[in-house]
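Let me begin by presenting the structure, written as structure tokens, before commenting on it.
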Amino acid sequence: MSCRTHGLSSLIATLHCAPRRRVRGQLLYIIINVALLLILAASSSDVNAAPIRVPDLSRCDLAVDESVGDTPPLTLRFNCCLPLPSASRILDFSFDKYPPIRQHVRRPAHTAKEDYIAKYNKAYQLMRALPDSDPRSLKVQADIHCAFCNGAYMQAGADGNVPLQVHFSWLFLPWHRWFLYFHERILGNLLGDPGFSLLYWNWDDQVNGGNMMPEMFARNGTALYDAKRNPDHLPPAIVRLSPANNSTDTSVVVNENLNAMYQSVVTASTAELFAGGAYRTGSDLTNSSVISATLGGSVENGVHNGIHYWTGNPAEQLLQDMGTFSTASRDPIFYAHHSNVDRLWDVWRFKLPGGPRKDHSDPDFLDTEFLFYDENANLVKVKVSDALDNAKLGVSYKTVRADDLWINYSPKAVTSGSAVFSALASGVSTIGATPSNGTIDLDLASMRLAAIVQRPIGETRPSKAEEVLVIQGLELTSRDSFISLVVFVNLPDAGPSTPTNSAEYVGTFNIVPSASQHRHLVTNVKFEIGDNLKRIGLQKDDRVVITIVLKSKPHETDSNLADAAHNLAIQQRISFKGLQITYE
Ligand code: C2O
């Protein structure tokens, strides 16, 4: 902005001060100046973009999938257009208008007592009993989520039709926090108990039984039950936070879960790595250049998406209900799942070693607006800045000691010494940053890709900087089945059976399928790798081997790779633009 002001004032000065005989020279100067200004304006349009504003609810795209040309064709149609409020007025949220009547203390679901389970069940009975046209009904609650993940509404103020998407960016955590806030108030209002609190599915707890589907949600015939879940994942099956190998050894699975938590929450120390990157008016996941591609945070991409996949029913085309965003919040377990995600945001902010971590402070983040229905079926406009402190919203989470297990998890390296030379000897090639290498297709037959990547060794490392691996411009032409990218360092031969409990495991991007007509996805993916390299003893190396292993449903082993490749073939194409290691 300052450059532009400077350019303008010098232009005005030129106009006012030009002596006549030098008019032609000045005219040329003006033309050059104007051209420069235009170039500047065009190149800085990303920087000067605006926060997301509330969309026009009267213009709903059905968010259906027409599936033209898909193999096999998707037959699903989701109409998640939201009911327009009878009063055309939209309320502005303020803490005065929504005073917390009692503190909402959210507790782990697996510790709930029978009387609380009965109350919880009653709340969802009442919510399910409301007519579909009621904004407080479970149907509309589910549609709110569907609408803002499936492109039912276009961004206000964007050029052309840009679908509004609350996943894959910094919108993810605050949007879901607000969603839970109003959902909890609606349930409390239906019960006549304004202090009613959601429970959280403590899936990160690997010792006290939190790491299975809470039994209260698995009681057939209750309002908390959903028939569309993976029948193999009812309690006491243990969750898999990353769809890893098929290990049946519980201690391996538990350690993989702890490592998934450690890599998703602890080593992701910046707001961008943990919570995701910028999403402003004009940001478009379906049609982005690499530079402006959005970026989901590690908690979203990793463990959060992992639980969606684990819970959904693989017999359904898109792993409904939990396995796809269009239907996920039809399942009451969704809200307990997200209460845990929301809790982890607080753990990440305040409870990790090294002192409090910082949320984004970008004005475009803070000024972002969302729309929800409150307990009186009013439409309310909220801002991200009002959601950053759970205490102000009257929400707190009961602290659990089991967090310490993943906070202090210390993954051991299974390799010693660099694998670069053996990788070179077996023909692994070097992949660099955009745009030098163009587009790299992930080979859907071998399901894996190993590459040698240069480190920024020798560059001055900014203090407190993280070393970050960037998969630039990851692109999926469609998202018709579940897919997961599991990333390792220093393990050139890593494959679908490689355990993810070691220091060589960098992280996972679990990509949930979508029924949206806007399901083309272009996104950057980032993983903190400095901690991994230190644990393996590769701090001084100038190159490392990165291996990306693709997984799809079902959990495949080496022996049924063909099946997995078939599932993946539905994706048509998965590619990325480059690999880069940077200090951030
Ligand atoms: Cu909006 Cu768990 O997703």
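Looking at Asp143, Asp134, which is the one that is in contact (Cβ under 8 Å) with a residue 24 or more places away in the chain and not in a loop (DSSP other than H, G, I, E, B)? I'd like the intermediate steps shown before the answer.
Numbers: Asp134 fails: not in a loop (DSSP other than H, G, I, E, B).
Result of the check over Asp143, Asp134: Asp143.
In this structure, does Tyr120 turn out to be in contact with a Leu (Cβ under 9 Å, 6 or more places away or on another chain) and closer than 30 Å to Phe168 by Cβ?
No: the conditions fail for Tyr120.
Please specify each residue of segment 338-358 satisfying the condition of being touching a residue at least 60 places away in the same chain (Cβ under 8 Å) and assigned to a loop (DSSP other than H, G, I, E, B). It would help to see each step written out before you state the result.
In the first step, residues of segment 338-358 are kept if they are touching a residue at least 60 places away in the same chain (Cβ under 8 Å); the result is 338-345, 347-348, 352, 354, 357-358.
Leu352, Gly354, Arg357, Lys358 - these are the residues of segment 338-358 that are touching a residue at least 60 places away in the same chain (Cβ under 8 Å) and assigned to a loop (DSSP other than H, G, I, E, B).
Scan segment 80-100 and give yes if some residue there is modelled with pLDDT of 90 or more, closer than 30 Å to Thr399 by Cα and assigned to a helix (DSSP H, G or I), otherwise no.
no
Out of all the residues in segment 343-354, is one or more β-branched (Val, Ile, Thr) and more than 16 Å from the ligand (Cβ to nearest atom)?
As a first pass, look at segment 343-354 and keep what is β-branched (Val, Ile, Thr): 347.
Those left that are additionally more than 16 Å from the ligand (Cβ to nearest atom): 347.
Yes, some residue in segment 343-354 is β-branched (Val, Ile, Thr) and more than 16 Å from the ligand (Cβ to nearest atom).
Picking from Asp386, Asp364, Asp359, which residue would you name as being within 30 Å of Leu405 (Cβ to Cβ), of a type in the set (Asp, Glu) and surrounded by fewer than 24 Cβ atoms within 10 Å (Cβ to Cβ)? Give the derivation first.
Values: Asp386 fails: within 30 Å of Leu405 (Cβ to Cβ); Asp364 fails: within 30 Å of Leu405 (Cβ to Cβ).
On inspection, the qualifying residue turns out to be Asp359.
Conditions (1) of a type outside the set (Phe, Trp, Tyr); (2) without any contact (Cβ under 8 Å) to a residue 24 or more places away in the chain, marked per residue:
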residue	(1), (2)
Asp226	yes, no
Asp232	yes, yes
Ala237	yes, no
Thr250	yes, yes
Met261	yes, no
Tyr279	no, no
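Yes or no, residue by residue, for (1) more than 11 Å from the ligand (Cβ to nearest atom); (2) in a strand (DSSP E or B); (3) touching a residue at least 60 places away in the same chain (Cβ under 8 Å):
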residue: Gly306; (1), (2), (3): no, no, yes
residue: Leu318; (1), (2), (3): yes, no, yes
residue: His360; (1), (2), (3): yes, no, yes
residue: Phe365; (1), (2), (3): yes, no, yes
residue: Phe370; (1), (2), (3): yes, yes, yes
residue: Lys381; (1), (2), (3): yes, yes, yes
residue: Asp386; (1), (2), (3): yes, no, yes
residue: Asn390; (1), (2), (3): yes, no, yes
residue: Leu393; (1), (2), (3): yes, no, yes
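From the list Gly210, Gly221, Gly160, Gly151, which residue is modelled with pLDDT under 90, in a loop (DSSP other than H, G, I, E, B) and more than 16 Å from the ligand (Cβ to nearest atom)?
Gly160
Being assigned to a loop (DSSP other than H, G, I, E, B) and at pLDDT below 95, is that true of even one residue in segment 412-419? Outline the logic, then answer.
In the first step, residues of segment 412-419 are kept if they are assigned to a loop (DSSP other than H, G, I, E, B); the result is 412-419.
Right, trim to at pLDDT below 95 and you get 416.
Yes, some residue in segment 412-419 is assigned to a loop (DSSP other than H, G, I, E, B) and at pLDDT below 95.
Applying the selection to segment 326-337, what residues are part of a loop (DSSP other than H, G, I, E, B), within 20 Å of Glu184 (Cα to Cα) and within 12 Å of the ligand (Cβ to nearest atom)? Please lay out each step first, then the result.
Taking segment 326-337 first, the residues part of a loop (DSSP other than H, G, I, E, B) are 326-327, 331-332.
Adding the requirement that they be within 20 Å of Glu184 (Cα to Cα) leaves 327, 331-332.
Those that are part of a loop (DSSP other than H, G, I, E, B), within 20 Å of Glu184 (Cα to Cα) and within 12 Å of the ligand (Cβ to nearest atom): Thr327, Asp331.
The values are calculated or read from the model by the stated rules, or taken from the named source; none is laboratory data. Note that the coordinates shown come from a computational prediction; the quantities given were computed from them, not determined experimentally. Using ideal geometry, Cβ is built from the backbone for each residue, glycine included, and neighbour counts are taken over all protein chains shown.
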